[in-house]
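Okay, structure first, notes after.
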Amino acid sequence: MSRPLATKSDHSKICECPPGLDPRKMPAHIAVIMDGNGRWAKARGLPRIMGHRAGVEALKRTLRLCSDWGIRALTVYAFSTENWSRPSDEVNFLMALFERVLQSELAQLQREKVRMNFFGDLHVLPKRLQDLISESISLTERNSGIHFNVCTNYGGRRELVRVAQKLAERSSRGELDPALIDENVFAAELFTASEVDPDLLIRTSGERRISNFLLWQLAYSEIHISDVLWPDFDSSALVKALLDFQSRCRRFGGLDPVDSDQMAF
Ligand code: IPE
Ligand code: IPE
Ligand code: MG
């Protein structure tokens, strides 16, 4: 990353939204299922790992664009609880790649005031990666720029089970009356407790499924499926997703304001 990312205080000055996008209707939080690295490599006659390498460049690009365009939080799916079932060579490569990229980018992310977090079962990751993750979280926790959340060994079902366990433990210690457990109490135990729910979910590579991502948090997210393979995801693909988002009418179970002005019967 060569150019500084926007920080909270200067968003209004340098939010360089591309023409056609309404800066007042930008999503506050974007979640991305970064899919298609393997197919990108295969199409070029390359090993799958080359797709993962190229995927890192797409991630850096996307983080910069989101920051420049005033998005407050970007949450990306980097490795699922199910991805351990891949060949060990690929899994080992991915773990080493995460470590290498974090090591090489951390100082720059810090300079650019990115606030990093990692969601998932982190204690089973390689020790050096765990240490780097802890370092990046503590180093950047007071930063005022974009929130950049990386879901690593993350599964939506596992996250919900973890919440159930935490609440059950608090109840059994007599600290929480089960009758008082409501959606707010529950959501406060999610990894995303400090974030608003994603307004927009982007999945690349044309797949039309959630693959165990943010099962609770995506309840009312708008979904954009992009046919672009993740390593090719660029500014025009992001603009397309944002234009799609801005064309939606979000009703949250209610009525479009235009319709609710009229008598229902
Ligand atoms: C997404 O790309 C990256 C990870 C899941 C780690 P894939 O590796 O799933 O790429 P495809 O779906 O095989 O093309
Ligand atoms: C989802 O992609 C997980 C990540 C992007 C990290 P997958 O490639 O693992 O999902 P499926 O297997 O196609 O559902
Ligand atoms: Mg995939």
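Which residue out of V196, V228, V239, V185 is out of contact with any Pro (no Cβ under 9 Å at 6 or more places or on another chain) and closer than 18 Å to R72 by Cα?
Values: V228 fails: closer than 18 Å to R72 by Cα; V239 fails: out of contact with any Pro (no Cβ under 9 Å at 6 or more places or on another chain); V185 fails: closer than 18 Å to R72 by Cα.
Exactly one of V196, V228, V239, V185 is out of contact with any Pro (no Cβ under 9 Å at 6 or more places or on another chain) and closer than 18 Å to R72 by Cα, namely V196.
Please work out which one of (1) at negative phi; (2) within 21 Å of the chain's Cα centre (by Cα) is the condition P19 fails and give its number.
Here P19 clears every test but (2).
When only residues in region 144-179 that are under 30 Å from M26 (Cβ atoms) and without any contact (Cβ under 8 Å) to a residue 60 or more places away in the chain count, which is nearest to the chain's Cα centre (by Cα)?
This residue is E159.
Condition first: surrounded by 15 or more Cβ atoms within 10 Å (Cβ to Cβ), within 12 Å of ligand 1 (Cβ to nearest atom) and at positive phi. Now tell me which residues in region 205-230 satisfy that.
Residues satisfying the conditions are S205, N212.
Please count how many residues of region 15-40 are touching a residue at least 24 places away in the same chain (Cβ under 8 Å) and away from ligand 2 (no atom under 16 Å from the Cβ).
If we filter region 15-40 for residues that are touching a residue at least 24 places away in the same chain (Cβ under 8 Å), which is where we start, we get 15-18, 20-23, 25-37, 39-40.
Of the ones still in play, those that are also away from ligand 2 (no atom under 16 Å from the Cβ) are 15-18, 20-23, 25-29.
Number of matching residues: 13.
Within region 185-202, can one find any residue that is within 16 Å of ligand 3 (Cβ to nearest atom) and not charged (D, E, K, R)? Before you say what the answer is, go through the steps one by one.
First, pick out the residues of region 185-202 that are within 16 Å of ligand 3 (Cβ to nearest atom): 201-202.
Filter again for not charged (D, E, K, R), leaving 201-202.
Checked against the condition, which is being within 16 Å of ligand 3 (Cβ to nearest atom) and not charged (D, E, K, R), region 185-202 yields at least one hit.
Suppose we keep only residues that are open to solvent by less than 50 Å² (accessible area, probe 1.4 Å) and under 28 Å from F119 (Cα atoms) within region 16-27. Which one would you say is nearest to ligand 1 (Cβ to nearest atom)?
Let us first name the residues in region 16-27 that are open to solvent by less than 50 Å² (accessible area, probe 1.4 Å), namely 17-18, 21-22, 26-27.
Next, from what is left, pick out any that are under 28 Å from F119 (Cα atoms): 26-27.
Values: M26: 26, P27: 22 Å.
Applying the filter and picking the extreme gives P27.
From the residues in region 70-96 that are more than 16 Å from ligand 2 (Cβ to nearest atom) and open to solvent by less than 20 Å² (accessible area, probe 1.4 Å), which one is farthest from D197 (Cα to Cα)?
Checked region 70-96; the qualifying residue farthest from D197 (Cα to Cα) is I71.
Could you check I137 against (1) free of Cβ contacts under 8 Å to residues at least 40 places away in the same chain; (2) open to solvent by 70 Å² or more (accessible area, probe 1.4 Å); (3) closer than 25 Å to V91 by Cα and say which number it fails?
(2)
Give me the residue from region 28-47 that is part of a helix (DSSP H, G or I) and in contact with a Pro (Cβ under 9 Å, 6 or more places away or on another chain) and, out of that set, least open to solvent (accessible area, probe 1.4 Å). Full working, then the answer.
To start, the set of residues in region 28-47 that are part of a helix (DSSP H, G or I) comprises 37-43.
Now restrict to residues that are in contact with a Pro (Cβ under 9 Å, 6 or more places away or on another chain): 37, 40-41.
Values: N37: 23, W40: 37, A41: 0 Å².
My answer is A41.
I'd like to verify a number: residues in region 232-249 that are open to solvent by 70 Å² or more (accessible area, probe 1.4 Å) and outside any helix (DSSP H, G or I), how many?
Number of matching residues: 2.
Mind checking which residues of region 3-27 are part of a loop (DSSP other than H, G, I, E, B) and at pLDDT 95 or above?
So the first thing to find is which residues in region 3-27 are part of a loop (DSSP other than H, G, I, E, B), and the list is 3-6, 15-22, 26-27.
Across region 3-27, the qualifying residues are L21, D22, M26, P27.
Hey, among E189, E195, E175, E159, which residue is open to solvent by less than 70 Å² (accessible area, probe 1.4 Å), outside any helix (DSSP H, G or I) and over 23 Å from K60 (Cβ atoms)? Show your work before the answer.
Details: E195 fails: over 23 Å from K60 (Cβ atoms); E175 fails: open to solvent by less than 70 Å² (accessible area, probe 1.4 Å); E159 fails: outside any helix (DSSP H, G or I).
Going through E189, E195, E175, E159 in turn, the sole match is E189.
Take the residues in region 48-95 that are without any contact (Cβ under 8 Å) to a residue 12 or more places away in the chain and outside any helix (DSSP H, G or I), then tell me which one is nearest to ligand 1 (Cβ to nearest atom).
Within region 48-95, the match that is nearest to ligand 1 (Cβ to nearest atom) is R86.
The values are calculated or read from the model by the stated rules, or taken from the named source; none is laboratory data. Small disclaimer: the values here were computed from a predicted structure and weren't measured. Don't worry about glycine lacking a Cβ; one is built from the backbone with ideal geometry, like all the others, and counts go over all protein chains shown. We work out accessible area using only protein heavy atoms, side chains counted, and drop any ligands, DNA or RNA first. Shrake-Rupley method; radii C 1.70, N 1.55, O 1.52, S 1.80 Å.
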